[in-house]
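Working notes, beginning with the structure itself.
The values are calculated or read from the model by the stated rules, or taken from the named source; none is laboratory data. None of the values given here were measured: they were computed from a predicted structure. Note: ideal-geometry Cβ built from the backbone for every residue, glycine included; neighbour counts use all protein chains shown.
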Amino acid sequence: MEESCKNVYITTPIYYVNDIAHIGHAYTTIIADMLARYSRLTGANTYFLTGTDEHGQKIAQSAEQRGKTPKEYADEVSGKFKALWDDFDISYDKFIRTTDDEHKTGVQAAFQKMYDKGDIYKGDYEGYYCVSCETFFTEKQLVDEQFCPDCGKPTNIVKEESYFFKLSAYEDKLIKWYEENEDCILPRSKKNEIVNFVQGGLRDLSISRTSFDWGVKLPEAMNEPKHVMYVWLDALMNYITALGYGTDEKEMGHWPASTHLVGKDILRFHAIYWPAFLMSLDLPLPKHIAAHGWWTRDGEKMSKSKGNVVDPKLVADAYGLDAFRYFMLREVPFGQDGDFSQKALMDRINSDLGNDLGNLLNRISGMSGKYFDFKVSSKDVKKFHQKELDEVEEIFENIEEYLYKMQLNRYLEDIWKVLTIANKAIGDYEPWNLMKEGKSDEAMALVALITNIMARVSLLLDSVMPDKIAKIAASLGITIDNKTYTSLILNKELIADTTITKVEQLFPRIEEILLEQAKPA
Ligand code: ME8
C-alpha cells in the first residue's frame, strides 16, 4: 500500500466452525476488507484471504454432540460463514477451508520440510490441554491447578506420543526479528507482551496428536498413521497453502503477508509459532501482525458459550451495512476492547453520517441546483479558498500512515475534521449572501470547494462504506478508481467541471433503538 504496483496480502484468521459468526468475527473481517479495498484503490496488486478452520478435537466434539460427522458439520457451518461474507459483500479473493485437499497436501509438504531440516523430533507429551482454546499448558500455567488461564474452562490431562517442533531453537531469532522490525506486531503495547513472553523462554511445541483422528495426517513418507497434526500448525499454514504452497505455488508471489489481522486472543500463535514455522521453512516473515481487542457485551467477551453474542446480520439489516462498518471501525481504537451498544451506533449514524456527511452532500446538491443549475466548476477554488485547501492538505498529509499503523479510528477522525472544515466554510462564506451581492463567482468557488472536499473524502471512505460512497460519487459525477485516486489524493488536483445529481437521503435519522435484542436465531 505504501506505493503502487506492489504486492499486498491481507488475511483474516480462519474461523472455527464450531461457532456461529458474531460481530467479533465480522469486525476482523470488515477491517481486513477495508484494508484490501483501500489497497486496490491505490493500485497495489492485492490478495485478500479468509476462510474456516475445520479440524481438531473441538470441532470433532461439537459435531458428535449434534450427531453429525465432522465433515458434514464443517460443511454446514463453513457454508454459513461464507454466505455471511458474501451477503456483506466482503471482497475476499479466496475462501480457504482446511479440509480442502490442496491445503492438506500443502501442510504435509511443510511438515516434511521442517522435519527434513531437523526441526521436528518424536517424543512423549505429558501436560494439560484446553480443547476450547486448542492449546497446551503446563501445570504451572493453570488457574487453580485445573482451569485454562485463557478461557477458564477445565483442562484435560494429556499423555501421548507426539512429534515436537523445536520452538526453543528459535527464541533468539524471534527476538532479533521483533527488534529489527518495529511494526511487525501492532499495536506496540501488544508487541511488548509478546517480546516479554519470548524472553521468558520457549518450550518445544507438541505438533501431533494420537488420541483422535479429525486432522491432517502426517506426510505419508513418515509412516505414522496414528498421528494427526496439531490443529494450530494445520491452521496457520493456511496463509501459505492458500497461495499454493506445496501444490501449484501459483499465487506464492503474494507472500509475505502484508497484514495478518487477528484478535488479541490468538496473537501468540501468530507472533511466536507462525514466524518460527516460517523461519524453519526458509520463507520471509509477514510485515505486520495486527491484533485488535474484543467486542464485549456488558463487559464480557462475546462468545457463543457465554450466550451473549450479537448477530451482525441482524444489526446490518436493521441499521445498514455501511453504517455498521463505519461504526465498528470508528468506535473503538484498534487494539482496545469495546462494548457493543445500539445507542452508540445510533448516535454515530445520526451525527457523523447523517449530519456531517449526508447533510453536506444535500447542501452541495441544494446550492449547486439553486444557484447554478447543478453545474460546478473548480476554476476559482484556488483564488478564493487557498486557505481551506491548505488546511485540508495539512490534515490529509499523513492520513495513510494511520492505515499502515492500524490507527483506523484516527484515520476516520481526520476525515471528519475535513468534513468540519467544509461544513464550517458554508457558514463562514454564506453563499446565499454572496449570490444576493452579485458575487456568483465567489459562491461558485465555495460550492466547488465543498464538492472537491467531498470528492476526496469519498475516495478515502470508499473502503469503509463502499455502497454509500458509490452513491455519493455518482451524485458528484466522479468515478472511484485508481485514476481519480491518483489525481485527487496523490497529485492533489481539483476535479474537472461536473454536474451534480440529487440523491435520496443517505442516512435517514434513527429515532429509537431498532432491535429488541440482537441475538442470533
Ligand atoms: O481462533 N471480539 O478461530 P475463532 C472481537 N481458528 N473479535 C472476536 C471476538 C470478539 N468477541 N470473538 C472472535 C480461531 N473474534 C482459530 C484461528 S487462524 C490461523 C486460526 C475474532 O473462530 C477475532 O479475530 O475462535 C479472533 O481472533 C477470531 O475471531 C477467533 O476466531
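Some notes on this structure:
Okay, residues lined up against (1) within 16 Å of the ligand (Cβ to nearest atom); (2) among the aromatic types (Phe, Trp, Tyr):
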| residue | (1), (2) |
| --- | --- |
| Tyr129 | yes, yes |
| Cys148 | yes, no |
| Glu160 | no, no |
| Tyr170 | no, yes |
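- For Tyr239: the one exception among (1) aromatic (Phe, Trp, Tyr); (2) touching a helix residue (DSSP H, G or I) at 6+ places or on another chain (Cβ under 7 Å); (3) within 11 Å of the ligand (Cβ to nearest atom): (2)
- Residues being in a strand (DSSP E or B), among the β-branched types (Val, Ile, Thr) and in contact (Cβ under 8 Å) with a residue 12 or more places away in the chain - total across the range 130-147: 1
- Being within 11 Å of the ligand (Cβ to nearest atom), surrounded by fewer than 22 Cβ atoms within 10 Å (Cβ to Cβ), at pLDDT 95 or above and among the small types (Gly, Ala, Ser) is not true of Gly244.
- Verdict on Ile207 being over 25 Å from the mean Cα position of the chain (by Cα), within 16 Å of the ligand (Cβ to nearest atom), at negative phi and β-branched (Val, Ile, Thr): yes
- Residue check, Gly127 in contact (Cβ under 8 Å) with a residue 12 or more places away in the chain, closer than 18 Å to Gly56 by Cα and not in a helix (DSSP H, G or I): yes
- Residue match in the range 472-487 (condition: modelled with pLDDT of 95 or more, crowded, with 22+ Cβ neighbours inside 10 Å and within 19 Å of Phe324 (Cβ to Cβ)): yes
- Tabulated pairs, the range 226-239, first of a type in the set (Asp, Glu), second part of a helix (DSSP H, G or I) and more than 10 Å from the ligand (Cβ to nearest atom), C-beta under 6 angstrom, 6+ apart or interchain: Asp234/Val107
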